[in-house]
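Okay, so here's the structure we're looking at.
The values are calculated or read from the model by the stated rules, or taken from the named source; none is laboratory data. Being a predicted model, the structure only gives us computed values, none of them experimental. Backbone-built Cβ (ideal geometry, glycine too); neighbour counts: all protein chains shown. To get the accessible areas, we keep the full protein, side chains included, count just its heavy atoms, and leave off ligands, DNA and RNA. Shrake-Rupley method; radii C 1.70, N 1.55, O 1.52, S 1.80 Å.
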Amino acid sequence: MPTLALAHGSGKGAGSFFSGAVHPLREPAHALALMTLGLWTGQRGIDESHPSLPCFGLALLLCLRLASTGINLDVDFALYVAAATMGIAVAISMKVPTLVRASVAGLVGAGIGLGSRPDGLVGAALTPPMSGTAIGACLWLLNAVALAALMQRPVWNIGVRVLGSWLAASALLVMALSLAGRPV
Amino acid sequence: MLGWDHVIAMVAVGLWGAFLGMPAIWVLPVVFPLVMAFGGALGVMGVPLPGVEVGIALSAVLLGGMVAFAARPPLWVAAVLVASFAIFHGHAHGTELPQAANALAYSLGFVVATGLLHLSGIGFGLLTRWPQGRVLVRVVGAGIAAAGAAFLFGFA
């Protein structure tokens, strides 16, 4: 029997919480923004990442709550722009004030939150997948931050910068595909 | 990765970066994918760019030649040269994107494949720490330039 094709539906065989948790990795804009934010945040070490992480988390939770009330914004393009910009910042190891970094982290969290409402669900049914998204997004971000923070030695730091350039390049390409009307 | 003109040029970027040493060894492989993505974006959006295949073949000739002649220009010159050619490579990839391709997978795949080719060039280029290695690297550079010329003049 044919069923509805849902952009944000559950994966086959997965519960809705788990689907929510992996959702940030299944959406190109969310995945690129999370990975580049993580590398950018962690590039200067764990101590410097402290203000950005709670800003991301709070904005994410707030905007997931807003999305659950029915607010539905397409912020993918903005997330691609953020990912490309942060990727370039990682590649050139750009120093920015902590306030700027934390603000960008908050904006990315807000974008991911607003773009993560599952299709076809209402009311209490939204809680498991959106809780999964909240926890999943934070965990994926922490992994990327830890990766960048651990790679502080000069040779390894070059690897982080190269990875940043790859992510920025990917974001630029996916952005172009999106603008050209290709399915992403 | 099956377009040999692309492959040899990617390897030449890594080779030249290793030949130039720090910081070129990582600057060139960072600049190339970024500018290539810009070229790819132009290709995807249908912006015409004349002489793409000539530009790609020429990139192999010039970058291979830089290694063969042990050219050591200032970093900014090397970066500008690499970036100029990256636009042609990216544009070719962008126009070749299959309609059915998964956008993120394609983008990541083509960027990562490019990076890995640079890495293979860098790895080989590290032989320059030995005198015989420097000769070998320059010979490979000459080979890349010759192959590029073959593509340029239609012999390959």
- [ ] Measure out, as a whole number of angstrom, how far apart the alpha-carbon centroids of the range B:29-89 and the range A:93-123 sit.
- [x] 34
Task: Scattering curve values for chain B, log₁₀ I(q)/I(0), Debye with Cα scatterers, q = 0.12, 0.20, 0.21 Å⁻¹ - done: -0.46, -1.21, -1.31
- [ ] Using only the alpha carbons of the protein assembly as shown, determine the length spanned along each of the three principal axes and report them from longest to shortest in whole angstroms.
- [x] 69, 50, 32
Task: Within a Gaussian network of chain B (alpha carbon springs, distance under 10 Å), most fluctuating of B:L108, B:L136, B:L42 - done: B:L108
Task: Virtual spin-label span in nm between A:A180 and A:I71, 7 Å along Cα→Cβ - done: 3.4
- [ ] At q = 0.10, 0.16, 0.19 Å⁻¹, what is the base-10 log of I(q)/I(0) for chain A according to the Debye formula with one equal point scatterer per Cα and no solvent? Please give it to two decimals.
- [x] -0.38, -0.93, -1.22
TODO: Would you be so kind as to identify all helices of chain B, as entire DSSP H runs, whose Cα atoms reach 27 Å or more along the helix's own axis and whose mean Kyte-Doolittle hydropathy is at least -1.0?
DONE: B:24-44, B:75-95, B:103-125, B:131-152
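On the accessible surface of the range A:28-89, probed at 1.4 Å, how many percent belong to carbon and sulfur atoms?
Working: 1740 of 2490 Å².
About 70 percent, which is the carbon plus sulfur part of the accessible surface.
List the residue ranges in chain A for DSSP H helices whose C-alpha atoms run 20 angstrom or more along the long axis and whose Kyte-Doolittle average is 0.5 or above. Walk me through the numbers before you get to the answer.
On the way: long enough: A:28-42 (21 Å, 0.97); A:52-68 (24 Å, 1.76); A:76-91 (22 Å, 1.64); A:98-114 (24 Å, 1.55); A:127-150 (34 Å, 1.35); A:154-179 (37 Å, 1.48).
Helices passing the filter in chain A: A:28-42, A:52-68, A:76-91, A:98-114, A:127-150, A:154-179.
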Open item on the list: Probe radius 1.4 Å, ligands and nucleic acids left out: can you give me the accessible area buried at the B-A interface, summed over both chains, in Å² to the nearest hundred?
Closed with: 2100
Open item on the list: Threshold 10 Å², probe 1.4 Å: give the residues of the range A:11-60, in number order, that are less accessible with all protein chains present than with their chain alone.
Closed with: A:P28, A:L32
Open item on the list: Order A:125-131, B:13-19, B:55-61 from most to least packed using the mean count of other Cβ atoms within 10 Å.
Closed with: B:13-19, B:55-61, A:125-131
